[in-house]
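Beneath this line is the structure, given in structure tokens, with notes to follow.
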Amino acid sequence: MALLSKKDTNLILDPLADNNPITIQVLGICSALAITAELQASVVMAISVLFVLGVGNVVISLLRNIIPTKIRIIVQLIVVATLVIIVDQVLKAFAYELSKTLSVFVGLIITNCIIMGRFEAFALGNGPWKAFLDGIGNALGYGIILIVVGFFRELLGSGTLFGIKVFGDPVAKSGLYATGYENNGFMIIPPAALIVVGIIIWVQRSKNRALIEEN
Amino acid sequence: MSNKRLTFKKRLHILKHRYRGKKMAPAFNAFHTFLFSPDETTHTGAHIRAADDLKRTMNTVIMALIPVLLFSFFNTGYQHYSAINGFPENFSVMEHFLTWDNFWLGFVLVMPLVIVSYGVGLLIEFIFAVIKGHEVEEGYLVTGMLVPLIVPVDTPLWMLAVAVVFGVIIGKEVFGGTGMNILNPALTIRAFLFFAYPTWMSGDKVWVHGAVERAGTADAISGETILGYLAQNNTSEFSYSVSDMFFGFIPGSVGETSAFLILLGGLFLIFSKIASWRIMVSAVAGSLVMGLIFNGIVDLGWIGERSTFYGLMSFDFWKHLLVGGLAFGIVYMATDPVTGSQTNKGKWIYGFLIGFISVMIRVFNPAYPEGVFLAILLMNVFAPTIDHYVIKGNIRRRMKRMKQATIFPKSTDGKAEELKVETI
């Protein structure tokens, strides 16, 4: 007996590729541009969203029959805000430097379109277990893109990964820098993230032609 | 006829037929039609016989660029030797400028840039043509020549190669290739270099060959551009004469210094009807207007000598055209028919704003003493919007005229009321 039924597996696997929140639905772009200059920040952001979306989807799904339709957005906001504050406080307590780097963007998870999108589109109409899987799936799909973008931006922009100097020391001109290589300052600035996301979309669509819209 | 007697053209033609329909066909076709007009005629549809196809257009622009390129060889050498030995006291063009030493140094330094630019750019064009199965497009012919002319002479070749890869793929191929791009590819390459490797693209150490290595030693030479100097020192006084600036004996990017040769190239492009004179004239007008506004602000005393902007604001308005890349940008970049405005009225607006914004960026942002490429890229983005509103305005005007004509027809033979009902 499989742990998950086929339908449930798809809830997790679909958002990873063919229904990815960033590359297909083009949601959550702002945070993907803002915090992906470093891989560490990308990973922490991915984990934070995983927590908020996973728990939030379950809570909304449990409350779905008692939330009056007219005020459902406010209720959703309160749920996200509570979860985001928990994440923010945990980061401040255990990873203060990192929370400085992420600064306002942890708070801005509240406005991440993916979260409100999943609450509206899925959690309000499905049971807690399915909502949980859907939340995990979408957060993972978001996180994967964030980590890929963060990987390339930090590697090419700063020559480091998780702060470890991969290519050698740019100041002392050791390692790769001795040959004349220089860090690409363009990768540090947010437009580079847009271009990297664009390239990911390009690759994904040329692999899976069904994704290309007809016009 | 033996194979030896075959002309080059014939041989290319045979090759082309042998590879027809194969994957590599576009590559052979490109070489064939690059040098010769093809033998084929169009079989269907209406067609016009004319000699000036896209390749001819591109080659005309390259012809206009050749004098600039040759001048850049001499100037590169002249700036380098002057920086080492001191500027000559009684400068004479034949003795100090057009020398074999100057030419040779410039040739050795600039030609690799040209070769890398063309090699990498055309390689990507060929790869995309083979993958997509279309003919190789001519778009890179001009871009490849522009790129080495708008970078500092000491730009490392690998940086140029990376930038060309980026510019051609992200700037052009992702939009569908030549003719479909939103941004001018040469300027995309320049912008990429500027933001990716700022230490190699700006400052006072990159414009003269050898200045980077000598920085900080006893032989340190200053090779900053006039604009860079003005922005740094907040003054409008500098040591170059107007004729130096006009003929181009000043430091700067490889090919941007000689306003005189650029002017000649511009006239050549206007008379061969390749580039739009509307864009050039309006861009010059735009930069003069902005320069005049700044001069006026200084004259009125609205801004004191201690202001950060005083130096560049008090710089004579017409001299903006002689320094930096403004002239080069206006003549060779802003007039790009793909990324510029298409309508005549739109061209006036587009050109004017390029000149206007270029001078504005120069003065207001000391971090970008050269704002021309940013201004042109910005207007590239706006060009379709400008055209859209020009066309809409034209439609609205004609609709109005038509309605007036129907409501108050000239011949009033009693049908006026009927027509009015019909049109409304």
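Restricting attention to segment B:160-184, which residues are assigned to a loop (DSSP other than H, G, I, E, B) and not polar (S, T, N, Q)? Spell out how you get there, then give the answer.
Just the residues of segment B:160-184 that are assigned to a loop (DSSP other than H, G, I, E, B), to begin with: B:172, B:176-184.
Residues satisfying the conditions are B:LYS172, B:GLY176, B:GLY177, B:GLY179, B:MET180, B:ILE182, B:LEU183.
Residues that are of a type in the set (Gly, Ala, Ser) and touching a residue at least 40 places away in the same chain (Cβ under 8 Å) were ranked within segment A:137-173; the one that is nearest to A:ALA17 (Cα to Cα) is A:GLY141. For A:GLY135, the conditions (1) within 14 Å of chain B (Cβ to nearest Cβ); (2) touching a helix residue (DSSP H, G or I) at 6+ places or on another chain (Cβ under 6 Å); (3) within 21 Å of A:CYS30 (Cα to Cα) all hold with the exception of (1).
Looking across A:ILE188, A:ILE199, A:ILE147, one residue alone is within 14 Å of chain B (Cβ to nearest Cβ) and touching a helix residue (DSSP H, G or I) at 6+ places or on another chain (Cβ under 6 Å). It is A:ILE188.
Of all the criteria given as (1) over 25 Å from the mean Cα position of the chain (by Cα); (2) part of a loop (DSSP other than H, G, I, E, B); (3) away from chain B (no Cβ under 13 Å), the one not satisfied by A:GLU213 is (1).
Out of the residues in segment B:202-245 that are within 14 Å of chain A (Cβ to nearest Cβ) and either outside any helix (DSSP H, G or I) or buried (at least 20 other Cβ atoms within 10 Å of the Cβ) (or both), state the one that is modelled with the lowest pLDDT.
Taking segment B:202-245 first, the residues within 14 Å of chain A (Cβ to nearest Cβ) are B:202-203, B:206, B:212-213.
When the remaining residues are screened for being either outside any helix (DSSP H, G or I) or buried (at least 20 other Cβ atoms within 10 Å of the Cβ) (or both), the result is B:202-203, B:206.
On the way: B:SER202: 75, B:GLY203: 70, B:VAL206: 75.
Looking at residues that are within 14 Å of chain A (Cβ to nearest Cβ) and either outside any helix (DSSP H, G or I) or buried (at least 20 other Cβ atoms within 10 Å of the Cβ) (or both), I get B:GLY203.
Among the residues of segment B:149-159, are any surrounded by fewer than 18 Cβ atoms within 10 Å (Cβ to Cβ), touching a residue at least 40 places away in the same chain (Cβ under 8 Å), within 14 Å of another protein chain (Cβ to nearest Cβ) and part of a helix (DSSP H, G or I)? Step through it out loud before you land on a result.
Restricting attention to segment B:149-159, the residues satisfying the condition of being surrounded by fewer than 18 Cβ atoms within 10 Å (Cβ to Cβ) are B:156-158.
Among the residues that remain, those that are also touching a residue at least 40 places away in the same chain (Cβ under 8 Å) are: B:156-157.
Adding the requirement that they be within 14 Å of another protein chain (Cβ to nearest Cβ) leaves B:156-157.
Next, from what is left, pick out any that are part of a helix (DSSP H, G or I): B:157.
Yes, segment B:149-159 contains at least one residue that is surrounded by fewer than 18 Cβ atoms within 10 Å (Cβ to Cβ), touching a residue at least 40 places away in the same chain (Cβ under 8 Å), within 14 Å of another protein chain (Cβ to nearest Cβ) and part of a helix (DSSP H, G or I).
Could you list, in sequence order, the residues of segment B:163-179 that are hydrophobic (A, V, I, L, M, F, W, C) and in contact (Cβ under 8 Å) with a residue 24 or more places away in the chain?
Initially, segment B:163-179 is screened for residues hydrophobic (A, V, I, L, M, F, W, C), giving B:163-166, B:168-170, B:174-175.
Once the filter is applied, which keeps residues that are hydrophobic (A, V, I, L, M, F, W, C) and in contact (Cβ under 8 Å) with a residue 24 or more places away in the chain, segment B:163-179 yields B:ALA163, B:VAL164, B:VAL165, B:PHE166, B:VAL168, B:ILE169.
Taking segment B:35-70 as the range and being modelled with pLDDT under 65 and under 25 Å from B:LEU149 (Cβ atoms) as the test, the residues that pass are B:LEU35, B:ASP52.
Select from segment A:12-45 the residues that are in a helix (DSSP H, G or I) and of a type in the set (Ser, Thr, Tyr) and list them in ascending order. Write out each step before concluding.
Filtering segment A:12-45 down to residues in a helix (DSSP H, G or I) leaves A:12-16, A:29-34, A:39-45.
Passing the criteria: A:SER31, A:SER42.
Here is the figure for segment A:46-66: residues that are without any contact (Cβ under 8 Å) to a residue 24 or more places away in the chain and either assigned to a loop (DSSP other than H, G, I, E, B) or touching a Phe, Trp or Tyr at 6+ places or on another chain (Cβ under 6 Å) (or both) total 2.
All conditions in (1) away from every other protein chain (no Cβ under 14 Å); (2) of a type in the set (S, T, N, Q); (3) more than 27 Å from B:MET180 (Cβ to Cβ); (4) surrounded by 20 or more Cβ atoms within 10 Å (Cβ to Cβ) hold for B:ASN90, with the sole exception of (4). Based on this model, can you work out whether A:GLY157 counts as more than 12 Å from every other protein chain (Cβ to nearest Cβ), touching a Phe, Trp or Tyr at 6+ places or on another chain (Cβ under 8 Å) and modelled with pLDDT under 90? Spelling it out, it is not the case that A:GLY157 is more than 12 Å from every other protein chain (Cβ to nearest Cβ), touching a Phe, Trp or Tyr at 6+ places or on another chain (Cβ under 8 Å) and modelled with pLDDT under 90.
Somewhere in segment B:189-198, is a residue within 14 Å of chain A (Cβ to nearest Cβ), closer than 21 Å to B:PHE373 by Cα, at pLDDT 75 or above and assigned to a loop (DSSP other than H, G, I, E, B)? Spell out how you get there, then give the answer.
Taking segment B:189-198 first, the residues within 14 Å of chain A (Cβ to nearest Cβ) are B:189-198.
From what's left, closer than 21 Å to B:PHE373 by Cα: B:189-198.
Those left that are additionally at pLDDT 75 or above: B:189-198.
Next, from what is left, pick out any that are assigned to a loop (DSSP other than H, G, I, E, B): B:197.
Scanning segment B:189-198, I find at least one residue that is within 14 Å of chain A (Cβ to nearest Cβ), closer than 21 Å to B:PHE373 by Cα, at pLDDT 75 or above and assigned to a loop (DSSP other than H, G, I, E, B), so the answer is yes.
Output the residues belonging to segment A:173-185 that are within 11 Å of chain B (Cβ to nearest Cβ) and assigned to a helix (DSSP H, G or I). Quick ask: steps written out before the conclusion?
Keep residues of segment A:173-185 that are within 11 Å of chain B (Cβ to nearest Cβ), which gives A:179-185.
A:THR179, A:GLY185, listed by residue number.
Would you list the helices (runs of 4 or more DSSP H) that sit entirely within segment B:250-334 and hold 3 or more residues that are β-branched (Val, Ile, Thr) and surrounded by 16 or more Cβ atoms within 10 Å (Cβ to Cβ)? Of the helices (runs of 4 or more DSSP H) lying wholly inside segment B:250-334, those with at least 3 residues that are β-branched (Val, Ile, Thr) and surrounded by 16 or more Cβ atoms within 10 Å (Cβ to Cβ) span B:277-299.
The values are calculated or read from the model by the stated rules, or taken from the named source; none is laboratory data. These figures come from a predicted structure and were not determined experimentally. Here Cβ is always computed from backbone atoms with ideal geometry, including for glycine, and neighbour counts include all displayed protein chains.
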